[in-house]
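Taking it in order: structure first as C-alpha cells, then the write-up.
The values are calculated or read from the model by the stated rules, or taken from the named source; none is laboratory data. Remember, it's a predicted structure, so these values are computed and weren't measured experimentally. When we count neighbours, we look across all protein chains shown, and the Cβ atoms used for this are built from the backbone with ideal geometry, even at glycine. For accessibility, only protein heavy atoms count, side chains too; no ligands or nucleic acids. Shrake-Rupley method; radii C 1.70, N 1.55, O 1.52, S 1.80 Å.
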Amino acid sequence: MNVSDAVAIARKGPPKPSDLLTRIPGNAAPHQMSDPFDIGEALSALAQSGDPVTVYCGIEEPVLARIESVDPELPHFVLDFTGSALPSTHHATFVAAIGGNAKLQFELESDWATVLEQPHLVPATFPGHCLVLNRRSTRRIETPIGGNYTASFGLSGKQYELPLYDFSQGGIGMRASPEQCFGLHVGKKLIGVRLELGPALMVVADLEVRLMRPFRTFLLGEQVQIGCSFVNISMQLQQTLERFVTTGQPERRVAQRPIA
C-alpha cells in the first residue's frame, strides 16, 4: 500500500458496499447548480470530508471513489479510485451526499487517464452543472454587474467595503482581492455589517465567515470568494429578506439588526 492509499483509508476507512448511493430519482425536483464557485465549494467539501462518491458506468455495477483534491484557482479536481476499478465507459454519473441532508449528482465524460505512477488518481474538469436535491433551503439572488451591492464593516481598526456577488435569506457572498482579505478567516464574526442590496434596500446584520476560496478572473486577476451566513438575525429582518428575495420589494428602506 502506498502513502496515498494509506491516507485515503485513514481518512474515512476503505469504501464499503453500504457507502453506495442511488441516483437522484426522475420524479424528484432537484435544482441545477452551474456556478463554478458553488461546484468548487461542493467538491472541496467532499475532499475535506473524505466522503465517498458513487460512480455509475452504463449498466455495470457502480464503483466508489473519493475527491482527492480541488484546484484552488482552476476548475480542476482529482478523483481517487483507491480500492475500485476505473470507469469502464467514457461517460459516468457521480452521486454524493453533502452535509447529511443533500444529494449531489453530476456527469463526466473522460478517457480516465491516470496520474503517472499513481494509477488510482484521475484528473478531471468541473462538470458544467450539477443536480442538487435539498442543498439550499433558501433562494439565492446573484447581484447584477454594475449595481450597488456592497458590504461595509470595520474590523480591527480597518474599514472594508467589498462587492457582493450574491445573497439569500441565509447569507451573502462577497469577493475581494487577497490583499483586501487581510484579517478575514473562516469562523470570523463580522459585527454590524452594512449591506447595500441595490437601490431598494439597506440592512445592518451580523455575519460569520463560512467559506474562503481563491479564484482567478480575466478582468480582476486573483480574487477570493467569501461566503458568510447571517448570525442571530431578528424575525423582522428575516421577513424583510424573504420578501425582497421573493418579490424584489422590501417593506421598508432600512432594516436594523436587534440591539443586544
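Say each of His185 and Leu74 gets a label point 7 Å from the Cα, pointing the same way as Cα to Cβ; how far apart are those two points in nm?
3.0
Would you mind telling me the share, in percent, of accessible area of the range 169-208 contributed by carbon and sulfur at probe 1.4 angstrom?
Using a 1.4 Å probe with all protein chains present, the range 169-208 comes out at 57 percent carbon and sulfur.
I need the peptides 165-178, 31-44 ranked by packing, meaning the mean over residues of other C-beta atoms within 10 angstrom, with the highest value on top.
Ranking the peptides 165-178, 31-44 by packing returns 165-178, 31-44.
Over the range 156-236, with the other protein chains present, what is the accessible area per residue in square angstrom, probe 1.4 angstrom?
Result: 49 Å² of accessible area for each residue.
Pop the C-beta distance of Asn148 and Glu61 into the FRET formula with R0 = 45 Å and round what comes out to the nearest 0.05.
0.25
Projecting each Cα onto the charge dipole of the range 184-233 (Lys/Arg +1, Asp/Glu -1 at the beta carbon, about the Cα centre), which of Met212, Leu201, Cys228 comes out farthest on the positive side?
Toward the positive end, the furthest listed residue is Met212.
State, to one decimal in nm, how far the label point of Ser34 lies from the label point of Leu116, with both points 7 Å from Cα in the Cβ direction.
Calculated label separation equals 3.8 nm.
Considering only protein heavy atoms and a 1.4 Å probe, what is the carbon-and-sulfur percentage of the accessible area of the range 75-131?
Taking all protein chains in place, the range 75-131 shows 57 percent carbon and sulfur surface.
Could you give the accessible area per residue of the range 21-67, probe 1.4 Å, as a whole number in Å²?
Per-residue value: 46 Å².
With a 10 Å radius around each residue's Cβ, average the other Cβ atoms per peptide and rank 103-112, 203-212, 117-126, 150-159, highest first.
Highest mean packing first, the order is 203-212, 103-112, 117-126, 150-159.
Would you please put 17-23, 189-195, 50-56 in order of how densely packed they are, using the mean number of other Cβ atoms within 10 angstrom per residue and starting with the highest?
For the peptides 17-23, 189-195, 50-56, the packing ranking is 50-56, 189-195, 17-23.
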